[in-house]
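All of the numbers you see were taken from the coordinates with simple rules; none came from a lab. Note that the structure is predicted; figures quoted are calculated from it, not measured. So basically every Cβ, Gly included, is an ideal-geometry build from the backbone, and we count neighbours across all protein chains shown.
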Amino acid sequence: MSVPDIKDIVSQIRKKTAFKPQIGIVLGSGLGGLADEVTSAEHIYYSELEGFPRSTVEGHKGEFIFGYLGEAAVVLMNGRVHYYEGYSMQQVVAPVRVMAALGADRIILTNAAGGLNVSYSPGTLMCIRDQITSFVPSPLVGPNDESFGPRFPEMSKVYDAELMRLLHETADEEGIPLVDGVYLQITGPAYETPAESSLYAQWGADAVGMSTACEAVALRHMGVRLLGLSCITDMAINNENTVTTHEQVQKIANEASKKLISLVKGTVLKASKL
């Protein structure tokens, strides 16, 4: 599959719906239930869009959902694609670029991640305050589309301070423990070795995963305001005597689902008023 033509995909979507979202949400593991909260929902499946990448990972649906959370006009990305599936980074970030091109100028990225901070435990929820992308290719390599953003985008503040404040405010109101941390993306699909996890922790990472950071780079290139939220599903650090499986990751994410949904929904309602 070639690099997706974002403008063409937007045009295809516009033939199916005129809905203009304020806020985009990428549904990571454990957040699928948020789709049930959307009212006046319109579904557009990735398979309906010519030239659009499709997820091959179990548990990842492939659809955009347009509708309302309360009074907030939202688009949900239910199922993302990953670099380890064999897609290029430009293909991986195409879905979030489409959300931004459709009008979402605030986007919430969520994921399941392995814990590198020894104070964390499975089920910990982490607000992403910064990220490390040094272990994956940049989605900005190649010719630059000036209509998206500048050749050399500034990355000193990837995640929006006001959106992070609203997330913490919601967590306090709901009585949900929330920590701040640094997220590091690797290519996957293999989980980390103990030596790799130790290295990542020494680099200053609190959590590690196989998505999100590349999406954040592409979206900041477009000037989108971002919020990131990780659910720690396993402890990648000090894991010599543990075995991490995809099933375990999904289990912990599903157990944290209610808190995740409450956090994201409450934050969206606040963020829609910015």
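Any residue that is buried (at least 17 other Cβ atoms within 10 Å of the Cβ), closer than 26 Å to LEU102 by Cβ, in contact with a Pro (Cβ under 6 Å, 6 or more places away or on another chain) and of a type outside the set (D, E, K, R) - is there at least one of those in the stretch 242-252?
Among the residues of the stretch 242-252, not one is buried (at least 17 other Cβ atoms within 10 Å of the Cβ), closer than 26 Å to LEU102 by Cβ, in contact with a Pro (Cβ under 6 Å, 6 or more places away or on another chain) and of a type outside the set (D, E, K, R), which makes the answer no.
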Filter result for ALA161 (in contact with a helix residue (DSSP H, G or I) (Cβ under 9 Å, 6 or more places away or on another chain) and either under 27 Å from GLN250 (Cα atoms) or surrounded by fewer than 16 Cβ atoms within 10 Å (Cβ to Cβ) (or both)):
no
Identify all residues within the stretch 163-177 that are within 17 Å of the chain's Cα centre (by Cα) and closer than 17 Å to CYS231 by Cβ; write none if there are none.
MET164, LEU167
When the stretch 114-127 is checked residue by residue, the ones that are surrounded by fewer than 23 Cβ atoms within 10 Å (Cβ to Cβ) and in contact with a Phe, Trp or Tyr (Cβ under 9 Å, 6 or more places away or on another chain) are CYS127
Could you tell me which of the residues GLY223, GLY188, GLY204 is under 26 Å from ALA101 (Cα atoms), surrounded by fewer than 18 Cβ atoms within 10 Å (Cβ to Cβ) and not aromatic (Phe, Trp, Tyr)?
GLY223
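Return a yes/no flag: does the stretch 39-53 have any residue that is touching a residue at least 60 places away in the same chain (Cβ under 8 Å), closer than 26 Å to LYS265 by Cα, in contact with a helix residue (DSSP H, G or I) (Cβ under 8 Å, 6 or more places away or on another chain) and of a type outside the set (S, T, N, Q).
No, because not a single residue in the stretch 39-53 is touching a residue at least 60 places away in the same chain (Cβ under 8 Å), closer than 26 Å to LYS265 by Cα, in contact with a helix residue (DSSP H, G or I) (Cβ under 8 Å, 6 or more places away or on another chain) and of a type outside the set (S, T, N, Q).
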With respect to VAL75, determine if the residue is buried (at least 18 other Cβ atoms within 10 Å of the Cβ), farther than 17 Å from CYS214 by Cβ and out of contact with any Asp or Glu (no Cβ under 6 Å at 6 or more places or on another chain).
yes
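State which residue is surrounded by the fewest Cβ atoms within 10 Å (Cβ to Cβ) when the search covers only the stretch 78-113 and only residues that are polar (S, T, N, Q) and more than 12 Å from the chain's Cα centre (by Cα).
SER88
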